[in-house]
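Take a look at the structure below.
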Amino acid sequence: MKKFMIASAIAMMCLSANAFAEDDGYGNDIPPARSEGTVDDGYGNKLPANNEPEYKTFEEARASSYGSTSNSGNSNGQRMRLGVHLGIGGAFFANYPTDRDFVKQYGENEWIGVSGDIGLILKFPLNPILSFVPELNFGLGYLSEEIKGAGGIDDYWGEYKVNDAKSFYNVNIPLMLRLHTSYVYIEGGIRLSFNFDTDHEYEYTYPDGEPLKYYDYEDGEYKTVKRNANDEWKVKTFIPSVVGGIGTSFVASGLQCDLGLRFIWDLRGIEDRDTEIYALESDKVRIGKVVENNSSVFALQLVFNVFF
């Protein structure tokens, strides 16, 4: 009986020792596993081996969390990235004069066209959720309207109408701040545009929009009917703008990409000649009326970026 009690006590001590052994939840005792670096904290992270700090600092933990690329591809990456920027969308005029004489001469504000940018983009993280994103782009804008009352009937072409078409070309530098959320980014900033060239033509078309054409016997080909009017339209060289946008980031073929919408509003009128003078005459008095033309361009673009 005494031997049985001694054996029972020894067994109880062994069981008690095993019961209080430190286990990582996967059948490994923590002290031996800790020395091997195989202890799991329950979140898929291996705890450090003995004599190493068990917990990271707050800054290290947050950087580690944001530094890994998630399946959605929305991680900031915490490193500077260079990429290619492409933007394309519609362009319109704002602040267009409504004076009756001006409208009679230049038409109402029915201008509509295209705005496009292509260039380089740099994403520089400031912290895990905020980045500085500058760009260097080549840009173009095209705007056109039908000149009401300018059409007519020709013996050769028949009925036709006239469109006023204006184009401008620039180098622009958007300077943006981007705020990252889980799946969406929001951006805003300013854009500095430097216009360096313009085109201005009057296009002649049929009522359905098909261009009028004539046969050039010297060149032996058909050509559209246009009248160059570059001397009649000049633009200011420097145009500042405000820019805002929203989009999402994702990974495609191992490359980080952005897809979004961007709104661009010029803070300055584009017309170099921004005043028009009209004379109002009566029997005894001649009065000069000055109309300011502060027409500015605003655009809505679809944006696509690819980072390397």
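What follows draws every value from the coordinates through simple rules; no lab data is involved. Remember, it's a predicted structure, so these values are computed and weren't measured experimentally. Virtual Cβ from ideal backbone geometry, glycine too; neighbours counted across all protein chains shown.
Points to keep in mind about this one:
- Amide proton proximity set for Gly90, modelled H, under 5 Å, gap of 5+: Ser115, Leu300
- Phe124/Asp197 FRET efficiency (R0 35 Å; Cβ-Cβ; nearest 0.05): 0.65
- Above-threshold pairs, the threshold being 28 Å between Cα atoms, out of Lys166/Lys213; Lys166/Lys223; Lys148/Lys234; Lys104/Lys223: Lys104/Lys223
- Built amide H within the under 5 Å cut-off of Leu212, gap 5+: Tyr204, Thr205, Tyr206, Val225
- For segment 56-307, the Kirkwood estimate of hydrodynamic radius, built from reciprocal distances between every pair of different alpha carbons, is 21.3 Å.
- Vicinal HN-Hα couplings computed from phi for segment 296-306 (Karplus, 6.51 cos²θ - 1.76 cosθ + 1.60; Hz; Gly/Pro x): 10, 9, 10, 9, 10, 10, 8, 10, 9, 10, 10
- Peptides 300-307, 178-185 ordered by average Cβ neighbours within 10 Å, highest first: 300-307, 178-185
- Other-chain or far-sequence residues with amide H under 5 Å of Ser295's (modelled H): Ile270, Glu271
- Overall form of segment 80-179 per C-alpha gyration tensor (a/c, 1.5; a/b vs b/c): prolate
- Between the beta carbons of Leu175 and Glu218, assuming R0 = 51 Å, the FRET efficiency works out to 0.50 to the nearest 0.05.
- Each Lys and Arg Cβ is given +1 and each Asp and Glu Cβ -1; about its Cα centre, segment 56-307 then shows a dipole of about 1620 debye.
- Residue ranges 234-245, 259-270 sort as 259-270, 234-245 when ordered by packing (mean number of other C-beta atoms within 10 Å per residue, highest first).
- Backbone HN-Hα couplings from phi across segment 104-113 [Karplus 6.51/-1.76/1.60, Hz, Gly and Pro as x]: 5, 7, 10, x, 6, 7, 10, 6, 8, x
- The packing ranking of peptides 134-146, 212-224, highest mean first, is 134-146, 212-224, where packing means the average number of other beta carbon atoms within 10 angstrom of each residue.
- 3J(HN,Hα) along segment 144-155: 9, 8, 7, 7, 5, x, 8, x, x, 10, 10, 5 Hz, from the Karplus curve 6.51 cos²θ - 1.76 cosθ + 1.60 with θ = phi - 60°, whole Hz, x for Gly and Pro.
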